[in-house]
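The values are calculated or read from the model by the stated rules, or taken from the named source; none is laboratory data. What you are looking at is a predicted structure, and each value in this text was computed from that prediction instead of being measured. Note that we place each Cβ from the backbone using ideal geometry, even for glycine, and neighbour counts take in every protein chain shown. For the accessible areas, the whole protein counts, side chains as well, though only heavy atoms, and no ligand, DNA or RNA atoms are used. Shrake-Rupley method; radii C 1.70, N 1.55, O 1.52, S 1.80 Å.
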Amino acid sequence: MDLAFYIQANINKINQTLESLVPESRLPHSALFQAARYALLSPGKRIRPLLTLATVETLKGNVNHALEPACAIELIHTYSLIHDDLPCMDNDDFRRGKPALHKVFPEGHALLTGDFLLTHAFYVLANISYLTSEQRLMLIAILANHAGGNGMIGGQVIDLQANNDLITFDILQTMHKMKTGELITAAVEFGAVIANVSLEHRKILKEFGQNIGIAFQIIDDILDHSQKDQKKSKFAPQDYVSFLGVNGAQEAAKKILQSAEEKLQMIPYDTKTLKELSHFMVYRTY
Ligand code: GRG
């Protein structure tokens, strides 16, 4: 199947599931659900849920059983974007081509909407009846670990500390491995748990996820850089382009993509879709 078609078909399923997980409300606090839907249903690339679905499909698991867990990761991702845009963090006015949530709703509502999506992700996982209790627990533990203090949140703290300082390349790599890479890795690990594969294969897939997480971030820096170029604004010290230059960063991303592909060759499954999806992540233009 053509990759663009595959991606769009799965994005449609992901969007439908997201809609159903956060329905509109008529309760006195309906503004919370309105705000959550504004952020969640804005047009994101849905890379993380797409990776979970593609991993489950590759491992011959039940893809229908992957939709809600995949969307739990998107709930966490969306919360992180809402919080990241707040004045106390990156203070961004736009997200996903629209005004950031705190520009449309009061800042306190935006903060609480992020909190709600974070909490709701674990509620969703805990209540998935068609997975075993062991699988549910594993998913909850993986997500808490990857999104938590030694994962995405820890990476964000390094970022905040780095804001006014020059950082080393080592710190840059650690920061992005945690801030961006951990959630992408969790998305792939989710697939391995849902499809119930061996620990050995799960470990290989985890390494694949770590690789594509870093490659994805490098490309994000390159794309960011070209947009900033157009706006003639200053570059943050903490990105791959300022350390490696555009060509160097592109080469680094391609090299990591190659390592990711080598990991895929180590498992006895047809990994064509995962390979194509990781190519899409690295050769994307948006
Ligand atoms: C606030 C706890 C907390 C964490 C924030 C993810 C994050 C950590 C901040 C977002 C800012 C940023 C640019 C992070 C790098 C990761 C990244 C590339 C996020 C954007 O992900 P995409 O491109 O976004 O998948 P869409 O909108 O397509 O879902």
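Can you pull out the residues in region 84-94 that are over 18 Å from Ile184 (Cβ atoms) and near the ligand (Cβ under 7 Å from one of its atoms)?
Correct list: Met89, Asp90.
Against the conditions (1) at pLDDT below 95; (2) in contact with a helix residue (DSSP H, G or I) (Cβ under 7 Å, 6 or more places away or on another chain); (3) among the charged types (D, E, K, R), where does Glu207 fall short? Just the number, please.
Checking Glu207 against (1) at pLDDT below 95; (2) in contact with a helix residue (DSSP H, G or I) (Cβ under 7 Å, 6 or more places away or on another chain); (3) among the charged types (D, E, K, R), the one that fails is (1).
Could you grab me the full set of residues in region 72-99 that are assigned to a helix (DSSP H, G or I), of a type in the set (Asp, Glu) and touching a strand residue (DSSP E or B) at 6+ places or on another chain (Cβ under 7 Å)?
Here is the first cut: in region 72-99, the residues assigned to a helix (DSSP H, G or I) are 72-85.
Checking which are of a type in the set (Asp, Glu) leaves us with 74, 84-85.
Correct list: Asp85 only.
Which of the residues that make up region 1-56 are of a type outside the set (A, V, I, L, M), open to solvent by 40 Å² or more (accessible area, probe 1.4 Å) and outside any helix (DSSP H, G or I)?
The answer is Asp2, Pro23, Glu24, Arg26, Pro28, His29, Pro43, Lys45.
Given the conditions (1) surrounded by fewer than 22 Cβ atoms within 10 Å (Cβ to Cβ); (2) within 20 Å of Val193 (Cβ to Cβ), report the number of the one that Ala70 does not fulfil.
That leaves (1) as the condition not met.
Only one of His109, His120, His102 is more than 14 Å from the ligand (Cβ to nearest atom) and more than 19 Å from Glu19 (Cβ to Cβ). Can you tell me which?
From the options His109, His120, His102, the qualifying one is His109.
Of the residues Val157, Val193, Val197, which is within 16 Å of the ligand (Cβ to nearest atom) and more than 20 Å from Ala249 (Cα to Cα)?
Val157
Find all pairs meeting these conditions: Cβ atoms under 8 angstrom apart; at least six residues apart or on different chains; first residue within region 95-124 and without any contact (Cβ under 8 Å) to a residue 24 or more places away in the chain; second residue open to solvent by 40 Å² or more (accessible area, probe 1.4 Å) and part of a loop (DSSP other than H, G, I, E, B).
These pairs meet every condition: Pro99/Asp93; Ala100/Asp92; Ala100/Asp93; His102/Pro87; Lys103/Asp93; Glu107/Pro87.
Among residues belonging to region 141-154 that are open to solvent by 50 Å² or more (accessible area, probe 1.4 Å) and not small (Gly, Ala, Ser), point out the one that is nearest to the ligand (Cβ to nearest atom).
Ile153
Give region 177-188 a look and list any residue that's open to solvent by less than 10 Å² (accessible area, probe 1.4 Å) and not polar (S, T, N, Q), or say none. It would help to see each step written out before you state the result.
If we filter region 177-188 for residues that are open to solvent by less than 10 Å² (accessible area, probe 1.4 Å), which is where we start, we get 181, 183-188.
Hits for region 177-188 are Gly181, Leu183, Ile184, Ala186, Ala187, Val188.
Out of Ile167, Ile158, I need the residue that is farther than 14 Å from Gln210 by Cβ, without any contact (Cβ under 8 Å) to a residue 40 or more places away in the chain and open to solvent by less than 50 Å² (accessible area, probe 1.4 Å). Which one?
Ile158
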